[in-house]
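Everything below concerns the one structure shown next.
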Amino acid sequence: MSRRVTNSTRRYGDSGTGGVLASSKSRSSPCSLIGLIIVGAMIIMVYLYSGSGDYSCTIEVQQAIPILKKAYGDSMHRVLHVGPDTCSVVSRLLKDEETEAWGVEPYDIEDADGICRGLVRKGLVRVADVKFSLPYRPKSFSVAIVSDALDYLSLRYLNNTLPDLARVSAEGIIIFTGYPGRQRSKVAEVSKFGKTAKLRSSSWWVRYFAQNGLEEDVAAARKFEKAATKSSYNPNCQIFHLKSFH
(Lines give C-alpha, C1' and ligand atoms only; values in the text may rest on other atoms or scores of the structure.)
Protein backbone atom coordinates (compact mmCIF):
# COMPACT_ATOMS: atom_id res chain seq x y z
CA MET A 1 0.00 0.00 0.00
CA SER A 2 2.87 2.25 0.85
CA ARG A 3 4.24 1.58 -2.62
CA ARG A 4 1.01 2.77 -4.12
CA VAL A 5 1.06 5.89 -2.04
CA THR A 6 4.66 6.53 -3.06
CA ASN A 7 3.90 6.01 -6.71
CA SER A 8 0.84 8.13 -6.53
CA THR A 9 2.79 10.76 -4.65
CA ARG A 10 5.56 10.61 -7.24
CA ARG A 11 3.06 10.88 -10.01
CA TYR A 12 1.37 13.74 -8.21
CA GLY A 13 4.67 15.50 -7.65
CA ASP A 14 5.76 15.02 -11.28
CA SER A 15 2.51 16.17 -12.64
CA GLY A 16 2.39 19.02 -10.16
CA THR A 17 5.87 20.22 -11.10
CA GLY A 18 5.07 19.90 -14.76
CA GLY A 19 1.89 21.84 -14.17
CA VAL A 20 3.74 24.60 -12.38
CA LEU A 21 6.38 24.81 -15.15
CA ALA A 22 3.76 24.75 -17.85
CA SER A 23 1.79 27.43 -16.06
CA SER A 24 4.92 29.53 -15.60
CA LYS A 25 5.84 29.23 -19.28
CA SER A 26 2.35 30.13 -20.36
CA ARG A 27 2.44 33.23 -18.15
CA SER A 28 5.92 34.33 -19.19
CA SER A 29 5.53 33.86 -22.95
CA PRO A 30 3.29 36.92 -23.55
CA CYS A 31 5.56 39.06 -21.35
CA SER A 32 8.65 37.93 -23.24
CA LEU A 33 6.98 38.69 -26.56
CA ILE A 34 5.99 42.19 -25.46
CA GLY A 35 9.52 42.79 -24.19
CA LEU A 36 11.02 41.74 -27.50
CA ILE A 37 8.65 44.02 -29.39
CA ILE A 38 9.57 47.01 -27.20
CA VAL A 39 13.30 46.36 -27.55
CA GLY A 40 12.97 45.94 -31.32
CA ALA A 41 11.02 49.19 -31.63
CA MET A 42 13.66 51.03 -29.62
CA ILE A 43 16.46 49.70 -31.83
CA ILE A 44 14.60 50.80 -34.98
CA MET A 45 13.98 54.28 -33.55
CA VAL A 46 17.62 54.72 -32.59
CA TYR A 47 18.70 53.60 -36.06
CA LEU A 48 16.32 55.92 -37.86
CA TYR A 49 17.02 58.99 -35.78
CA SER A 50 20.76 58.51 -35.70
CA GLY A 51 20.89 58.46 -39.52
CA SER A 52 18.30 61.15 -40.23
CA GLY A 53 18.67 63.92 -37.72
CA ASP A 54 17.47 67.51 -38.03
CA TYR A 55 19.78 68.96 -40.63
CA SER A 56 21.14 72.45 -41.09
CA CYS A 57 23.38 73.16 -44.03
CA THR A 58 23.77 76.71 -42.72
CA ILE A 59 25.82 75.25 -39.87
CA GLU A 60 27.74 73.31 -42.50
CA VAL A 61 28.57 76.57 -44.29
CA GLN A 62 30.20 77.94 -41.15
CA GLN A 63 32.33 74.82 -40.85
CA ALA A 64 33.29 74.98 -44.52
CA ILE A 65 34.35 78.64 -44.63
CA PRO A 66 38.09 77.90 -44.13
CA ILE A 67 37.92 75.31 -46.93
CA LEU A 68 36.04 77.71 -49.21
CA LYS A 69 38.67 80.39 -48.67
CA LYS A 70 41.42 77.97 -49.67
CA ALA A 71 39.51 76.89 -52.77
CA TYR A 72 38.25 80.31 -53.93
CA GLY A 73 41.07 82.53 -52.70
CA ASP A 74 40.46 86.22 -53.46
CA SER A 75 36.96 85.43 -54.75
CA MET A 76 35.84 85.13 -51.12
CA HIS A 77 36.42 88.83 -50.43
CA ARG A 78 32.84 89.99 -51.13
CA VAL A 79 30.29 87.34 -50.20
CA LEU A 80 26.51 87.09 -50.14
CA HIS A 81 24.89 84.35 -48.07
CA VAL A 82 21.24 83.42 -48.54
CA GLY A 83 19.49 81.12 -46.10
CA PRO A 84 18.07 80.63 -42.60
CA ASP A 85 20.20 81.94 -39.73
CA THR A 86 22.24 84.00 -42.18
CA CYS A 87 23.40 86.28 -39.35
CA SER A 88 25.60 83.49 -37.99
CA VAL A 89 27.28 83.04 -41.38
CA VAL A 90 27.77 86.77 -41.95
CA SER A 91 29.23 87.17 -38.46
CA ARG A 92 31.62 84.29 -39.11
CA LEU A 93 32.75 85.75 -42.46
CA LEU A 94 33.28 89.24 -41.00
CA LYS A 95 35.83 87.89 -38.54
CA ASP A 96 38.23 88.06 -41.45
CA GLU A 97 39.08 91.76 -41.90
CA GLU A 98 39.66 91.25 -45.62
CA THR A 99 36.16 89.83 -46.19
CA GLU A 100 32.99 91.82 -46.76
CA ALA A 101 29.76 89.91 -46.22
CA TRP A 102 26.02 90.38 -46.59
CA GLY A 103 23.10 88.10 -45.90
CA VAL A 104 19.50 87.51 -46.90
CA GLU A 105 17.19 85.92 -44.32
CA PRO A 106 14.24 84.13 -46.01
CA TYR A 107 11.84 84.74 -43.11
CA ASP A 108 11.36 87.14 -40.20
CA ILE A 109 13.91 87.51 -37.43
CA GLU A 110 11.63 88.22 -34.47
CA ASP A 111 13.70 85.93 -32.26
CA ALA A 112 17.04 87.30 -33.44
CA ASP A 113 19.74 88.19 -30.91
CA GLY A 114 21.40 91.57 -30.50
CA ILE A 115 24.24 90.77 -32.90
CA CYS A 116 21.82 89.85 -35.68
CA ARG A 117 19.69 92.94 -35.11
CA GLY A 118 22.87 95.00 -35.31
CA LEU A 119 23.69 93.50 -38.70
CA VAL A 120 20.19 94.35 -39.88
CA ARG A 121 20.52 97.96 -38.70
CA LYS A 122 23.81 98.27 -40.59
CA GLY A 123 22.15 96.98 -43.77
CA LEU A 124 24.39 93.92 -43.91
CA VAL A 125 21.47 91.52 -43.44
CA ARG A 126 18.08 91.86 -45.09
CA VAL A 127 14.85 89.97 -44.66
CA ALA A 128 13.53 89.13 -48.14
CA ASP A 129 11.35 86.56 -49.84
CA VAL A 130 13.84 84.50 -51.85
CA LYS A 131 11.10 83.32 -54.22
CA PHE A 132 11.43 86.63 -56.02
CA SER A 133 14.28 88.75 -57.34
CA LEU A 134 16.96 89.62 -54.81
CA PRO A 135 17.32 93.35 -53.98
CA TYR A 136 20.79 93.68 -55.48
CA ARG A 137 22.31 94.83 -58.76
CA PRO A 138 24.04 92.42 -61.16
CA LYS A 139 27.47 91.24 -60.01
CA SER A 140 27.16 92.96 -56.63
CA PHE A 141 29.12 90.13 -55.01
CA SER A 142 32.07 88.00 -55.96
CA VAL A 143 30.50 84.80 -54.61
CA ALA A 144 26.96 83.86 -53.55
CA ILE A 145 26.43 81.05 -51.05
CA VAL A 146 22.98 79.56 -50.47
CA SER A 147 22.10 77.00 -47.82
CA ASP A 148 18.80 75.28 -46.93
CA ALA A 149 16.61 77.91 -48.62
CA LEU A 150 16.42 76.16 -52.02
CA ASP A 151 15.17 72.97 -50.37
CA TYR A 152 11.91 74.70 -49.44
CA LEU A 153 11.20 76.09 -52.90
CA SER A 154 8.93 74.48 -55.45
CA LEU A 155 10.30 74.06 -58.96
CA ARG A 156 8.40 77.17 -60.06
CA TYR A 157 10.25 79.43 -57.61
CA LEU A 158 13.53 77.56 -57.87
CA ASN A 159 13.57 78.50 -61.55
CA ASN A 160 13.63 82.15 -60.49
CA THR A 161 15.86 82.11 -57.40
CA LEU A 162 18.84 80.14 -58.67
CA PRO A 163 19.33 82.16 -61.89
CA ASP A 164 18.98 85.31 -59.78
CA LEU A 165 21.88 84.17 -57.60
CA ALA A 166 23.88 83.74 -60.80
CA ARG A 167 22.90 87.30 -61.72
CA VAL A 168 24.05 89.01 -58.51
CA SER A 169 27.35 87.08 -58.25
CA ALA A 170 30.41 87.61 -60.42
CA GLU A 171 32.61 84.59 -59.77
CA GLY A 172 30.42 81.72 -58.63
CA ILE A 173 27.55 80.22 -56.66
CA ILE A 174 28.00 77.64 -53.92
CA ILE A 175 24.98 75.54 -52.99
CA PHE A 176 24.67 73.63 -49.72
CA THR A 177 21.71 71.25 -49.69
CA GLY A 178 20.62 68.23 -47.67
CA TYR A 179 20.83 64.56 -48.60
CA PRO A 180 17.46 62.89 -49.30
CA GLY A 181 16.69 59.99 -46.97
CA ARG A 182 19.44 60.92 -44.53
CA GLN A 183 18.16 64.16 -43.05
CA ARG A 184 14.89 65.82 -42.18
CA SER A 185 13.73 69.42 -41.86
CA LYS A 186 14.30 71.31 -38.65
CA VAL A 187 11.00 71.86 -36.83
CA ALA A 188 11.63 75.60 -36.52
CA GLU A 189 12.20 75.98 -40.24
CA VAL A 190 9.13 73.92 -41.15
CA SER A 191 6.96 76.21 -39.05
CA LYS A 192 8.41 79.35 -40.66
CA PHE A 193 8.51 78.12 -44.27
CA GLY A 194 5.11 76.47 -43.89
CA LYS A 195 6.30 73.23 -45.48
CA THR A 196 8.89 70.51 -45.13
CA ALA A 197 12.09 70.60 -47.14
CA LYS A 198 12.17 68.75 -50.44
CA LEU A 199 15.62 67.17 -50.43
CA ARG A 200 16.76 66.28 -53.93
CA SER A 201 19.39 63.81 -55.07
CA SER A 202 22.72 64.72 -56.62
CA SER A 203 21.61 63.35 -59.99
CA TRP A 204 18.46 65.51 -59.84
CA TRP A 205 20.50 68.64 -59.25
CA VAL A 206 23.00 67.89 -62.01
CA ARG A 207 20.15 67.31 -64.46
CA TYR A 208 18.43 70.50 -63.31
CA PHE A 209 21.59 72.58 -63.81
CA ALA A 210 22.01 71.27 -67.35
CA GLN A 211 18.37 71.88 -68.26
CA ASN A 212 18.45 75.48 -67.03
CA GLY A 213 21.75 76.62 -68.50
CA LEU A 214 23.59 76.64 -65.17
CA GLU A 215 27.16 75.47 -65.66
CA GLU A 216 29.00 73.61 -62.91
CA ASP A 217 32.39 75.03 -62.00
CA VAL A 218 34.52 71.90 -62.24
CA ALA A 219 37.78 73.71 -61.43
CA ALA A 220 36.34 75.23 -58.24
CA ALA A 221 34.88 71.87 -57.21
CA ARG A 222 38.25 70.17 -57.60
CA LYS A 223 40.04 72.85 -55.58
CA PHE A 224 37.42 72.52 -52.85
CA GLU A 225 37.73 68.73 -52.74
CA LYS A 226 41.52 68.99 -52.60
CA ALA A 227 41.41 71.50 -49.73
CA ALA A 228 38.79 69.41 -47.91
CA THR A 229 40.92 66.28 -48.17
CA LYS A 230 43.98 68.06 -46.79
CA SER A 231 41.93 69.36 -43.86
CA SER A 232 40.16 66.00 -43.27
CA TYR A 233 36.85 67.79 -43.81
CA ASN A 234 33.92 65.52 -44.63
CA PRO A 235 30.73 67.53 -45.34
CA ASN A 236 27.34 66.35 -44.13
CA CYS A 237 25.54 68.23 -46.91
CA GLN A 238 25.72 68.11 -50.68
CA ILE A 239 27.84 70.95 -52.07
CA PHE A 240 27.63 72.19 -55.65
CA HIS A 241 29.79 74.82 -57.35
CA LEU A 242 28.27 76.79 -60.23
CA LYS A 243 29.56 79.51 -62.52
CA SER A 244 27.92 82.94 -62.50
CA PHE A 245 26.30 84.49 -65.55
CA HIS A 246 28.73 86.52 -67.68
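The values are calculated or read from the model by the stated rules, or taken from the named source; none is laboratory data. This one's a predicted model, so the numbers in the text were calculated from it and none came from an experiment. We place every Cβ from the backbone using ideal geometry, glycine too, and count neighbours over all the protein chains shown. Note: areas computed on protein heavy atoms with side chains; ligands, DNA, RNA excluded. Shrake-Rupley method; radii C 1.70, N 1.55, O 1.52, S 1.80 Å.
If Lys and Arg each add +1 and Asp and Glu each add -1, what is the summed charge of the other residues whose beta carbon sits under 12 Å from the beta carbon of I239?
On the way: positive: none; negative: E60, E216, D217, E225.
So the environment of I239 carries a net charge of -4.
With θ taken as phi - 60° and the coefficients 6.51, -1.76 and 1.60, list the Karplus ³J(HN,Hα) couplings across the stretch 165-181 in order, rounded to whole Hz; mark glycine and proline as x.
5, 5, 6, 7, 9, 9, 10, x, 10, 10, 10, 10, 9, x, 8, x, x
Accessible surface of Y179 in the full protein assembly, 1.4 angstrom probe, to the nearest 10 Å²?
Taking all protein chains as shown, Y179 has close to 60 Å².
For T161, what is the net charge nearby, where nearby means another residue's Cβ is under 12 Å from its Cβ and Lys, Arg count +1, Asp, Glu -1?
Cβ neighbours under 12 Å give a net charge of 0.
Test of the criteria: in the stretch 59-145, which GluC sites (Glu not before Pro) are in a DSSP loop and have at most 16 other Cβ atoms within 10 angstrom of their Cβ?
Values: sites: E60, E97, E98, E100, E110; in loops: E97, E98, E110.
Listed in order of number, the matching sites are E97, E98, E110.
Using the Cβ atoms and a cut-off under 11 Å, what net charge is assigned to the surroundings of H77, where Lys and Arg are +1 and Asp and Glu are -1?
Local charge sum for H77: -4.
As an exercise, use a Förster radius of 22 Å and the Cβ-Cβ distance of I115 and A221 to find the FRET efficiency, rounded to the nearest 0.05.
0.10
Please list, in chain and number order, the residues 5+ apart from V127 or on another chain whose amide H is under 5 Å from its amide H, with Hs placed from the backbone.
The answer is E105.
Whose amide H sits under 5 Å from the amide H of E100, counting only residues 5 or more places off or on another chain, with H placed in the peptide plane?
Here the answer is R78, V79, since their amide H atoms fall under 5 Å of that of E100.
Based on the Cβ-Cβ distance of T229 and R92, what FRET efficiency does E = 1/(1 + (r/R0)^6) give at R0 = 30 Å, to the nearest 0.05?
0.85
Could you list which residues have their amide H under 5 Å from that of G172, counting only those 5 or more apart in sequence or on another chain, with H placed in the peptide plane?
Residues meeting the criterion, in which the H sits 1.01 Å from N, are A144, S244.
What list of ³J(HN,Hα) values in whole Hz, one per residue of the stretch 230-236 in order, does the Karplus curve 6.51 cos²θ - 1.76 cosθ + 1.60 (θ = phi - 60°) give from phi, with Gly and Pro shown as x?
Per residue, the Karplus-derived 3J(HN,Hα) values read 5, 9, 6, 8, 10, x, 9 Hz.
Kindly sort R200, R222 by accessible area of their heavy atoms, largest first, with the probe set to 1.4 Å.
Most to least solvent-accessible, the answer reads R222, R200.
What distance in nm lies between label points placed 7 Å from Cα along the C-beta direction at S154 and A210?
2.7 nm
Take D108, D96, D164 and sort them by solvent-accessible surface of the protein heavy atoms, 1.4 Å probe, largest at the top.
The ordering from most to least exposed comes out as D108, D96, D164.
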